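The values are calculated or read from the model by the stated rules, or taken from the named source; none is laboratory data. Just so you know, these numbers come straight off a predicted model, no measurement behind them. Note that each Cβ is placed from the backbone with ideal geometry, even for glycine, and that neighbours are counted across all protein chains shown. When the accessible area is computed, the model is the full protein with side chains, heavy atoms only, and any ligands, DNA or RNA have been set aside. Shrake-Rupley method; radii C 1.70, N 1.55, O 1.52, S 1.80 Å.
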Amino acid sequence: MAETAALARLMQGNEAIAEGALAAGARFFAGYPITPSTEIAEILAKKLPVLGGKFIQMEDEISSMAAVIGASLAGLKSLTATSGPGFSLKQENLGFAIMTEIPCVVVNVQRCGPSTGIPTATAQGDVMQARWGTHGDHPVIALTPASVQESYTLTVQAFNLSERFRTPVILLSEEVIGHCRERVVLPDISELKIIDRKKPPAGLARYNPYEPGADGVPPMANFCDGYRYHVTGLTHDESGGPTTDAEKAERLIKRLNNKVMDHLDEITMTESWMTEDAEIIVIAYGATSRSAKRAVKMAREVGIKAGLFRLITIWPFPVKEVTALCRQAHTIIFPELNLGQLIGEVERAARNETNVVGVNRVTGEMITPDEILNKIKSQVKVEQHAE
Amino acid sequence: MSQTSEILLSGTGGQGLILAGQILAEAVVRDGKNTVQTQSYGPEARGGASKTEIIISDDEIDYPKVTRPDVLLVMSQEALNRFAGLLDENGILIVDSTYIREIPAIKAKVYKIPYSKIAKETLGKEMVANIVALGSLSAISGAVTKESLLLALMSRIPRGTEALNQKALEIGWKSASQFAA
């Protein structure tokens, strides 16, 4: 106990992301500071050079994302951090990184939008942008921390998944998590599981940069490892050269998606609380899940069989898990700090067979436990009338 | 049964209340308890309303925002008018009487202490009124130990200001008994 207490410290959410990135082995950051993500850049500007890494403040978000891709190609684990307006600008190069299979982490500390909105106010408004902000059919992995502690662990996990699957991973934080300070106990770095990208063997007569292994992920040679290859956002074949061949195009796009969708067991993270006998289940993610947990506790205190299911991975959306909950509960309550974005995925899983109700807010402040509790109570009444 | 207390500090941007909240939260961690500190402020460096919320608990803290403060410290009339109604009836209201003239009739225990005036007249710098108020609030509420508070303060202030800040904390701590409600 005394040992644990010695390791406990007060830490800010954004600081935890910076520390998590360093622990995961990140040695390159390029960005253009923006509230409420700025502390991540500030901290990494100080700490990366000490560890032999590089920090570059670029002229804008577009070039920041380009620099991150370049650094990763050269072999460094790389990240950028931004908020809504900057996230919009990063979309083109984010798509490029997905298409060219270059691992990197994009942190978006969400703020109240659209456009420049309210820089210091919180929101969960970029959920669909994270999924479909860049064009074309593409896979996305997005994780949503609900605490400072989790900001650390999920940043490590974001790097691990990006290296494992050679794809960008989006860490979707929120102003209220990024700026709040909490007591954390960080794990010893030696206890962390760190994944590094799979590399091709040395001395191959010919290296095909996009020839996948059995898991759909091609081994990645870093630039300067000795293999010469072409990287293009154009549809390409296994050699890396551009192609317009219909079959090759389909094979590539399907493989990009399948390398993620075939490994959901490694990607999907969720958490259940009091759901075993629940008739009304609140599903929530990020900071809103904390309001939801309080609401479920209060509902249980007055005898309502409520439970909480927390999404940690929101993309790919945990369809299998949510479908099972929809079969169990008569009502799903889905609070989110926007006008209703991820709820569409829940409704898709419910197939009109389960009552799905949103709780929404766009004031720049968190949804309160009372708002969710009131919604839970209103659904209990509906049930009684129906009987 | 777990003990949870909620503390809200509010004033005008630039008074240093968010920093005071961070120091308080740091002291809580040093005392071995759980805490969450959140803040809200406008885009301006000075002026505008500023607020920080601290929750202290022996247990897990779910919702990180204060709903019913046990302790409310206000350093502007606007902040008092806005938040006085939230205060628990067994709560404690602490006002910087340098700037606050009108106090609404409430059931909470009220402390009126001129932090800004004390900082200016006895320390020569109104800038440390936040630390005077922090020392005072901690002594009144018993939220943290003096040892942890001092260590937390020293870890979060610019180098070269240690003596001034320590003095501000001491004066604030004493003011609690001098201006007893």
From the set of residues in the range B:77-107 that are in a loop (DSSP other than H, G, I, E, B) and open to solvent by less than 10 Å² (accessible area, probe 1.4 Å), which is farthest from B:S138 (Cα to Cα)? B:I100
Of the conditions (1) touching a strand residue (DSSP E or B) at 6+ places or on another chain (Cβ under 9 Å); (2) in contact (Cβ under 8 Å) with a residue 40 or more places away in the chain, B:A84 clears all except one; give me its number. (2)
What number goes with the only condition from (1) over 15 Å from the mean Cα position of the chain (by Cα); (2) surrounded by fewer than 23 Cβ atoms within 10 Å (Cβ to Cβ) that A:V176 does not pass? (2)
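A quick yes/no check of all residues on (1) modelled with pLDDT of 95 or more; (2) within 17 Å of the chain's Cα centre (by Cα); (3) among the aliphatic types (A, V, I, L, M); (4) open to solvent by 10 Å² or more (accessible area, probe 1.4 Å):
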site	(1), (2), (3), (4)
A:V127	yes, yes, yes, no
A:D137	yes, no, no, yes
A:V148	yes, yes, yes, no
A:T155	yes, yes, no, no
A:A158	yes, yes, yes, no
A:I170	yes, yes, yes, no
A:R181	yes, no, no, yes
A:P187	no, no, no, yes
A:S190	no, no, no, yes
Answer residue from the range B:17-58, given it is assigned to a helix (DSSP H, G or I) and more than 22 Å from B:M127 (Cα to Cα) and is nearest to the other protein chains (Cβ to nearest Cβ) among those: B:V29
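Out of the residues in the range A:103-116 that are touching a residue at least 60 places away in the same chain (Cβ under 8 Å) and not hydrophobic (A, V, I, L, M, F, W, C), which is farthest from the other protein chains (Cβ to nearest Cβ)?
A:P103
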Would a scan of the range A:63-76 turn up a residue that is hydrophobic (A, V, I, L, M, F, W, C) and in contact (Cβ under 8 Å) with a residue 60 or more places away in the chain? yes
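Here's the yes/no breakdown for (1) part of a loop (DSSP other than H, G, I, E, B); (2) touching a residue at least 24 places away in the same chain (Cβ under 8 Å); (3) open to solvent by 70 Å² or more (accessible area, probe 1.4 Å):
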position	(1), (2), (3)
A:M220	yes, yes, no
A:C224	yes, yes, yes
A:E247	no, no, yes
A:R251	no, no, yes
A:R255	no, yes, no
A:A278	yes, yes, no
So which of A:L325, A:L373 is farther than 28 Å from A:T116 by Cβ and within 14 Å of another protein chain (Cβ to nearest Cβ)? A:L373
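Specify which of the listed residues (A:L94, A:L51) is away from every other protein chain (no Cβ under 14 Å) and in contact (Cβ under 8 Å) with a residue 40 or more places away in the chain.
Going through A:L94, A:L51 in turn, the sole match is A:L94.
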Pair list, Cβ < 6 Å and 6+ apart or interchain, from the range A:306-332 residues that are outside the structural domain of A:V282 (by TED's automatic domain parsing) to residues that are open to solvent by less than 10 Å² (accessible area, probe 1.4 Å) and in a helix (DSSP H, G or I): none
Looking at the range A:290-301 only, could you name the residues that are crowded, with 24+ Cβ neighbours inside 10 Å and more than 7 Å from chain B (Cβ to nearest Cβ)? A:A292, A:A295, A:V296, A:A299
So B:Y115 fits all but one of (1) among the aromatic types (F, W, Y); (2) under 20 Å from B:Q22 (Cα atoms); (3) free of Cβ contacts under 8 Å to residues at least 40 places away in the same chain; what number is the exception? (3)
For the range A:36-48, name all the residues that are among the aliphatic types (A, V, I, L, M) and in contact (Cβ under 8 Å) with a residue 60 or more places away in the chain. A:I40
Condition check for B:V110: away from chain A (no Cβ under 14 Å), in contact (Cβ under 8 Å) with a residue 60 or more places away in the chain, within 17 Å of the chain's Cα centre (by Cα) and part of a strand (DSSP E or B): yes
Quick one: B:G14 ticks every box in (1) buried (at least 21 other Cβ atoms within 10 Å of the Cβ); (2) away from every other protein chain (no Cβ under 13 Å); (3) assigned to a loop (DSSP other than H, G, I, E, B) except a single one, so which number is it? (1)
